[in-house]
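Participant: Structure provided below as structure tokens; questions to follow.
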Amino acid sequence: MSVIQSLYQNTLTFDTTQISNPTHILMMIDEHHKIRPYKADLSIELFRQADLVDFSLGLVRYGVDRSLIRQLKQTFPNAGFHKLLVQLGAKNFLKHPLRPAPMMKW
């Protein structure tokens, strides 16, 4: 079974017609750094959870099996993305120590 098939089988059912709506896509982008769950729309919440699993390198899993996360990391290597996040975060912290993560929202 491919990684994509595994993800599809483990995904909750939600209305996929909204995903093609540009306004909805903008909402997904805007809300995916929320710290608390996004309760108004399941597709936005799943996107937020997936981003946090990726950002945390699998430390936060939302019930996703570790072996699937390991397989995803091998299939889609981050190519220095997390290193860049650390560099940008450190640079921002030096400039704005009271707001170390400006992209995060409640």
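The values are calculated or read from the model by the stated rules, or taken from the named source; none is laboratory data. Computed from a predicted structure; not experimentally measured. Cβ placement follows ideal geometry from the backbone for every residue including glycine, while neighbour counts extend to all protein chains displayed. Ligands, DNA and RNA are excluded from the accessible area calculation, which covers all protein heavy atoms including side chains. Shrake-Rupley method; radii C 1.70, N 1.55, O 1.52, S 1.80 Å.
Participant: Kindly indicate whether any position in the stretch 93-100 is open to solvent by 100 Å² or more (accessible area, probe 1.4 Å), at pLDDT below 90 and in a loop (DSSP other than H, G, I, E, B).
Facilitator: Yes, the stretch 93-100 has at least one match.
Participant: Which one is surrounded by the fewest Cβ atoms within 10 Å (Cβ to Cβ) among residues in the stretch 12-30 that are modelled with pLDDT of 55 or more, under 26 Å from THR75 (Cα atoms) and in contact with a helix residue (DSSP H, G or I) (Cβ under 8 Å, 6 or more places away or on another chain)?
Facilitator: Selected residue: THR16.
Participant: Could I ask something else about it? SER67 - would you say it is of a type in the set (S, T, N, Q) and over 17 Å from ILE29 (Cβ atoms)?
Facilitator: Judged against the criteria, SER67 is a match.
Participant: In addition: What are the residue pairs meeting all of these: first residue in the stretch 79-103, first residue within 16 Å of HIS33 (Cβ to Cβ), second residue not hydroxyl-bearing (Ser, Thr, Tyr), Cβ atoms under 6 Å, and 6 or more apart or on different chains?
Facilitator: Sorted first by the residue in the stretch 79-103, then by its partner, the pairs are PRO100/PHE93; MET103/HIS33.
Participant: If you take the residues in the stretch 54-78 that are in contact (Cβ under 8 Å) with a residue 40 or more places away in the chain and part of a helix (DSSP H, G or I), which one is surrounded by the most Cβ atoms within 10 Å (Cβ to Cβ)?
Facilitator: Restricting attention to the stretch 54-78, the residues satisfying the condition of being in contact (Cβ under 8 Å) with a residue 40 or more places away in the chain are 64, 68, 71-72, 75.
Those still in the list that are part of a helix (DSSP H, G or I) too: 68, 71-72, 75.
Numbers: LEU68: 16, GLN71: 14, LEU72: 19, THR75: 10.
Once the filter is applied, the top-ranked residue is LEU72.
Participant: Of the residues that sit in the stretch 37-53 and are in a helix (DSSP H, G or I) and among the acidic types (Asp, Glu), which one is least open to solvent (accessible area, probe 1.4 Å)?
Facilitator: The residue in question is GLU45.
Participant: Which of the residues spanning the stretch 26-53 are free of Cβ contacts under 8 Å to residues at least 12 places away in the same chain and more than 8 Å from the chain's Cα centre (by Cα)? Show your work before the answer.
Facilitator: Residues of the stretch 26-53 free of Cβ contacts under 8 Å to residues at least 12 places away in the same chain: 26, 29-30, 37-40, 45, 50, 52.
Answer for the stretch 26-53, where residues must be free of Cβ contacts under 8 Å to residues at least 12 places away in the same chain and more than 8 Å from the chain's Cα centre (by Cα): LEU26, ILE29, ASP30, PRO37, TYR38, LYS39, ALA40, GLU45.
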